[in-house]
1. Of everything in the range 114-146, what is modelled with pLDDT of 95 or more, under 21 Å from L162 (Cβ atoms) and either among the basic types (K, R) or out of contact with any Leu (no Cβ under 8 Å at 6 or more places or on another chain) (or both)? Give them in sequence order.
2. Using the structure shown, decide if T17 is surrounded by 11 or more Cβ atoms within 10 Å (Cβ to Cβ), among the hydroxyl-bearing types (S, T, Y) and within 13 Å of ligand 1 (Cβ to nearest atom).
3. Given S73, S135, which one is more than 28 Å from R11 (Cα to Cα), more than 12 Å from ligand 2 (Cβ to nearest atom), surrounded by fewer than 16 Cβ atoms within 10 Å (Cβ to Cβ) and among the hydroxyl-bearing types (S, T, Y)?
4. When you scan the range 89-115, how many residues do you find that are surrounded by fewer than 17 Cβ atoms within 10 Å (Cβ to Cβ) and among the polar types (S, T, N, Q)?
5. Can you tell which of F49, F20 is modelled with pLDDT of 90 or more and among the aromatic types (F, W, Y)?
6. What is the one condition in (1) surrounded by fewer than 19 Cβ atoms within 10 Å (Cβ to Cβ); (2) over 20 Å from R24 (Cα atoms); (3) of a type in the set (S, T, Y) that S175 does not satisfy?
7. Give me a count of the residues in the range 96-123 that are within 9 Å of ligand 1 (Cβ to nearest atom) and within 13 Å of the chain's Cα centre (by Cα).
Amino acid sequence: MPAPTTSAPPRPAPVQTKSFRASRPNIVGPDTPEDPYPIRLEGIVQHGFGRGSKDLGCPTANLPDESITHMASIARPGVYYGYAQVCLANGQMQMPELRLEDLVVLPMVMSLGWNPFYKNERMTAEIHIMHEFNSDFYGCDMKALVLGYIRPELNYISREALIDDIETDKKVSLSSLARPGYHKYTSDSFFSSRGIETLETTS
Ligand code: ADP
Ligand code: RBF
Ligand code: MG
């Protein structure tokens, strides 16, 4: 297995074109996940540059570097769909005001790469969960089950073009996950009821 290249992009990402945008399908991937999916990721949610919410209107929960190593060694930079769960972490310093409905398994879209639009120098894995949370959840544990690939990572000539593609990614993720072959992964043993149990015993 080659060493994962999380410190420098192998080649510049292509720039998004009008024809790419016009040809985007609403459902991607096979009717049931195929090898190498599902890919499991887990880590404590980190602070990034704060651009997801402020610049793009799309908050992304950032995973720590060590959580990405395995996926980066077997998958290319790009956008992926799957499920995620936020859990309260052991010894968490600040307890966010999350509700039970914030701690269940939820659909997500994930960007794995160097974010060429922002010229990042390190690979990141950022997850947007399709759910309105009651509060931020920095410091919480996040589990993600990646079930399929949506598109390559691209560079953009404008922020609006990136926002447009992210909006499409969210729709593509939801319609791809809506297929019967994906539903069983919401109750995968990787996900836990621990967050909910912790909340019940501390409230
Ligand atoms: P950062 O650069 O620190 O990651 P963002 O602007 O991307 O900042 O915001 C990410 C944070 O927003 C997450 O760490 C999480 O605490 C919070 N958040 C709120 N709603 C969501 C959501 N639906 N999906 C992902 N993160 C969310
Ligand atoms: N950044 C890019 O530079 N190119 C992309 O193709 C790209 N796709 C994204 C897709 C999704 C679904 C999300 C949530 C983010 C994407 N971003 C992309 C990352 C964006 O640059 C990142 O969230 C910001 O840098 C804020 O951390
Ligand atoms: Mg983020």
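1. H128
2. Details: surrounded by 11 or more Cβ atoms within 10 Å (Cβ to Cβ): yes; among the hydroxyl-bearing types (S, T, Y): yes; within 13 Å of ligand 1 (Cβ to nearest atom): no.
It is false that T17 is surrounded by 11 or more Cβ atoms within 10 Å (Cβ to Cβ), among the hydroxyl-bearing types (S, T, Y) and within 13 Å of ligand 1 (Cβ to nearest atom).
3. S135
4. 3
5. Sole residue among the options that is modelled with pLDDT of 90 or more and among the aromatic types (F, W, Y): F49.
6. With (1) surrounded by fewer than 19 Cβ atoms within 10 Å (Cβ to Cβ); (2) over 20 Å from R24 (Cα atoms); (3) of a type in the set (S, T, Y) applied to S175, the lone miss is (2).
7. Of the residues in that region, 2 qualify.
The values are calculated or read from the model by the stated rules, or taken from the named source; none is laboratory data. Here the structure is a predicted model, which means the values were calculated and not measured. Methodologically, a virtual Cβ is constructed for each residue, glycine included, from the backbone with ideal geometry; neighbour enumeration extends over all protein chains shown.
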